Amino acid sequence: MTEQFDFRAQVNRSFDRAAAFTRHHPTLLAQVRECNSVYYMSFPIKRDDGTIEVIEAWRAEHSHHRLPTKGGIRFSMTVNRDEVAALAALMTFKCALVDVPFGGAKGGVRIARHKYSEGELERITRRYTFELKRKNFIGPGCDVPAPDYGTGPREMSWIVDTYLSLSGGELNALACVTGKPVTQGGIRGRLEATGRGVCYGIRECCSIAEDMKRLKLSTGVEGKRLVVQGLGNVGYHAAKFLEEEGAVLVGIAEYEGAVSAPNGLKLEELVAHRKETGTILDFPGATNLPNSSDALELDCDILIPAALENQITTKNASAIKAKIVGEAANGPTTEDADAILRQRGVLILPDIYLNAGGVTVSYFEWLKNLSHVRFGRLQKRYEERAHKGLLDALAKLHGDQPSDHETPEFARGADEIDLVNSGLEETMAVAYREIVDRKTRLGNDIDMRTAAMVNAIDKVAVTYEELGIFP
Ligand code: NAD
């Protein structure tokens, strides 16, 4: 039987598998599962050569149980109605899982990004924002986009600028989008947040001795052999932070091909090589792999797909050698492939958990924009003084002179980046513990994806019940 990829059906199957473990009314479950609204638009843009092109784009709002809805904007040729609806559904469950009080949404513009100049991309992004605003599909209290595949801070700054020009002095207008550059109302730590969250999630996983024992791995990230697919925002930062934690990067895949080095390769050297030559291939000391996707089958401990959906399928699931698959991308594993991996004892850290760091820090950015104050501004100096007072009192007790020197690192007050990173770390750790607790309650043969999804469904369903719509 050949496997047909239908992203929305895949997400629904994963939902149904988990919903069977809940006691919610079928009508309520149907409401939680379905996508509330999808806005399709097409608009013309002028190319640099003077020709006019019609662009197709979507915005899906999966669930309005909490507002605003939240989710990234993707620029890719894979974008279609079902893809944005599936990704919006994942956003609903992701937000619920990490207690970020948003409904799920996702946007997509169907373009091959590299075929457009910067000016063309700006015109497309601004027009897309205009269309969203026109239909109330963007705004601090209704729907707040963010970066996703093919977009980043630059696109977010075009979005906020367009929104500001249309919103006529709206007080909280900066909160209409997250992932902005820090100079335009962004927050420190957002750019790398998803990759950092991936690292924290993997660290939680590797710290559980019995799971590592079952996988015949030692505890801790140190020394674990890592393969990453996709060296974009998420893949690059996940690889960077895991390398800093002591993981050994044995393979990297990009669209132009893949490289492997069983004894490890240095991420920054590979990035510099790519910058210089335009490709990751022919990196000194590494072997080129004929097909980029061959990297998924490399001998390693942890595999991190961080590119797009539908990468681990029934075609390659049996050949995957990793003992842990960390889904940094959304939907990289099909449901049938998931079953094969589970049956083979592979531990899968599901997307709705592992890549939730991005939306978590987006939530912090949104809060910052609404409060109109940088995190740490009020208490930093106060904390520092209190710590210094304590240190001086301790010094006095020991008969030492209070120090006039600079405040030591451990005694300084928290800056925005410290607070963001600690909030992110706490969020990832708490959500992991909740998933493990759920797994224990449901029986240990339950997988992490099902346990995570049950937690998410429960949280969304309870909100609907509290709203009084469902008995
Ligand atoms: P990105 O555009 O920054 O990077 C994606 C990278 O993957 C690109 O370098 C691209 O060349 C590469 N790639 C594409 N197809 C490939 C293939 N077949 N093999 C190897 N490499 C390939 O995108 P991103 O923001 O890093 O997003 C990656 C994934 O993470 C997506 O699934 C996205 O939905 C998910 N995600 C992103 C965020 C975020 O904050 N950006 C948050 C949560 C989830």
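Before moving on, here are some points about what is shown:
- Here the dipole of the range 36-184 is about 120 debye; that uses its Cα centre as origin and unit charges on the Cβ of Lys and Arg (positive) and Asp and Glu (negative).
- Helix-only CD estimate at 222 nm, as mean residue ellipticity for the chain, using -39500 (n - 2.57) per DSSP H run (n ≥ 4): -14000 deg cm²/dmol
- Shape of the range 180-277, Cα gyration tensor, a/c cut at 1.5: oblate
- Seen from Thr219, the other residues with C-beta closer than 14 Å to its C-beta sum to a net charge of 0, counting Lys and Arg as +1 and Asp and Glu as -1.
- Accessible-area composition of the chain, carbon plus sulfur, in percent [1.4 Å probe]: 51 percent
- Quotient of Cα Rg and 2.2 N^0.38 Å for the range 293-345, N being how many residues it contains: 0.97
- For Ala112 and Asn316, the difference between the fully extended length at 0.36 nm per residue and the C-alpha to C-alpha distance is 70.8 nm.
- Loop sites in the range 225-306: GluC sites (Glu not before Pro), DSSP, at most 12 other Cβ within 10 Å: Glu256
- Per the Debye formula on identical point scatterers at the alpha carbon atoms of the range 120-218, with no solvent, log10 I(q)/I(0) at q = 0.19, 0.23 Å⁻¹ is -0.87, -1.16.
- Taken per residue, the accessible surface of the chain reaches 44 Å², heavy atoms only and a 1.4 Å probe.
- Volume of the convex hull of the range 307-417 (Cα atoms only), normalised per residue: 173 Å³.
- In this structure, the amide hydrogen of Ile312, modeled 1.01 Å from its nitrogen in the peptide plane, lies closer than 5 angstrom to those of Thr333, Thr334, counting only residues at least 5 positions away or on a different chain.
- Our summary of shape: the Cα atoms of the range 49-88 have principal axis extents of 45, 18, 12 Å, ordered from largest down, in whole angstrom.
- Dimensionless Rg over Rh [the chain; C-alpha; Kirkwood]: 0.99
- Distance histogram for the range 36-184 (every C-alpha pair counted, 5 angstrom bins, percent rounded to whole numbers): 2, 10, 21, 24, 21, 14, 6, 2, 1, 0
- Signed unit charges on C-beta, dipole axis of the chain, positive-most listed residue Leu249, Pro147, Cys206: Pro147
- Expressed as a fraction of 2.2 N^0.38 Å, the C-alpha radius of gyration for the range 389-452 is 2.00.
- All other residues whose Cβ lies under 13 angstrom from that of Ala386 are scored, Lys and Arg at +1 and Asp and Glu at -1, for a net of +2.
- Relative contact order %, the chain, counting alpha carbon pairs below 8 Å whose residues are six or more apart: 15 percent
- Applying both filters, DSSP loop and at most 16 other Cβ atoms within 10 Å, to the GluC sites (Glu not before Pro) of the range 369-428 gives Glu406.
- Cβ crowding within 10 Å averaged over residues, with 114-127, 192-205 ranked highest first: 192-205, 114-127
- Amide N of the range 253-269 lying under 13 Å from the label point, which is placed 7 angstrom from the Cα of Thr279 along Cα→Cβ: 254-259
- Rounded to the nearest 20 debye, the dipole size of the chain about its Cα centre is 820 debye, using +1 on the Cβ of Lys and Arg and -1 on the Cβ of Asp and Glu.
- 3J(HN,Hα) couplings calculated from phi for the range 159-164 with the Karplus curve 6.51 cos²θ - 1.76 cosθ + 1.60 (θ = phi - 60°) are, in sequence order, 5, 5, 5, 5, 4, 4 Hz; Gly and Pro show x.
- Shape of the range 31-73, Cα gyration tensor, a/c cut at 1.5: prolate
- Antiparallel content of DSSP bridges confined to the range 36-184, in %, to 5: 60 percent
- Charges were assigned to the Cβ only: +1 to each Lys and Arg, -1 to each Asp and Glu. The resulting dipole of the range 49-95 about its Cα centre is roughly 420 debye.
The values are calculated or read from the model by the stated rules, or taken from the named source; none is laboratory data. Keep in mind that what you see is a predicted model, and the values were worked out from it rather than measured. Neighbour counts run over all protein chains shown; Cβ positions are idealised from the backbone, glycine included. Keep in mind that these areas ignore ligands, DNA and RNA; they rest on the heavy atoms of the full protein, side chains included. Shrake-Rupley method; radii C 1.70, N 1.55, O 1.52, S 1.80 Å.
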